[in-house]
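Worksheet: the structure to be examined is printed underneath.
The values are calculated or read from the model by the stated rules, or taken from the named source; none is laboratory data. Remember, predicted model here, so these are calculated numbers, not experimental data. Reconstructed Cβ throughout: ideal geometry from the backbone, glycine too, with neighbour counts over all protein chains shown. Keep in mind that these areas ignore ligands, DNA and RNA; they rest on the heavy atoms of the full protein, side chains included. Shrake-Rupley method; radii C 1.70, N 1.55, O 1.52, S 1.80 Å.
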Amino acid sequence: MGYTKEQLLARLQAKHVGHLGGALSKNLLLKDKKHRLYVVSALAGTKVDMKILSQRLGLGKGGLRMAPEENLLEVLQVPLGCVTPFALLNESASAVSLLLDQGFKSKQSCYFHPLTNDVTIALSSSNLDKFLMSIERQPAYVDLEASPVIGKDNPPDLADLVPSGVPNSSELIEKVTPTNVPHQNDVSKEKACLPEVKAKPKVQNKGAEKRQSKIPTNGANVEKFVNDVFDIMSPFLSEVSNKLNVKQEELSSIFDGFKERATTDLESVTTSLKNAAYTAGFEAGFETMLHSGLNGRASRK
């Protein structure tokens, strides 16, 4: 059982926090090809290029991607939108690496979620360091916007931050992914047993087809969303085949190859947009809270 919000706040002795003057943070949970996990905690305005970060960790250009929601629940033990350095307090996250934005050190205080996004607390980088060291974590601050040359004479500068192990539940999560939502690494296997995906029946009413083809916006499952995008594209293969005078089989093979190459990037972009929406919602809520507080003070005067 993971720590609760109340237990964490008690540990930090932060009964009243969230004062003005702090900086917003954004927190990402990333995963490499060996299922090792990384929490990247940065200022909201810091640009984190996952391809560059992957190279700096010694994982190659495409070695990092957004971790699935299941990893948040099973490893960090927090729901979507609540990634935070404080989640490393849980024993299940002992093998997760933490990369902190060096920009935190220049701020008087920074805002973080204490395992839930209905509360926000503010603390300085020095106090964050004290918390991390209290759970036997050595804080690692990184210039996340740096882009050093990596090569034979310039080894990856962040290789020491790659986790030595894999969270116990991480590999299990990959194995229990629902069969109706194939994992991106299993797309090629699923194609062999699900060829009927391409045989989507046509709708005579084009207007109705467009309405039915709208992509769902609730977006709880990124992988299912990406697969839905490709399913929407599949029926057009026959039309393209006729216009270009190309065999359906050849065009399908080209499309399958494109799907395999594009899935990871499309999932990453979708997850980024999803996280951006959560961040935008938090910022809007914070601004509302701020103005309400100022108006309340003015009225009392």
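A few comments on the model shown:
- Here the Karplus relation 6.51 cos²θ - 1.76 cosθ + 1.60, evaluated at θ = phi - 60°, turns the backbone of segment 96-104 into coupling constants of 8, 8, 10, 10, 9, 5, 5, x, 4 Hz, with x for every Gly and Pro.
- Accessible surface, 1.4 Å probe, highest first, among residues Ser124, Ser54: Ser124, Ser54
- Most tightly packed first, judged by the mean number of other beta-carbon atoms within 10 Å of their residues, the peptides 93-106, 74-87, 258-271, 140-153 read 74-87, 93-106, 258-271, 140-153.
- Summarising the amide proton neighbourhood of Cys110: residues at separation of 5 or more, or on other chains, whose placed amide H is nearer than 5 Å comprise Ala23, Leu123, Ser124.
- Beta bridges by DSSP in segment 5-161, antiparallel share as percent, to the nearest 5: 65 percent
- The modelled label-to-label distance for the pair Val119/Asp256, using points 7 Å beyond Cα in the direction of Cβ, is 5.2 nm.
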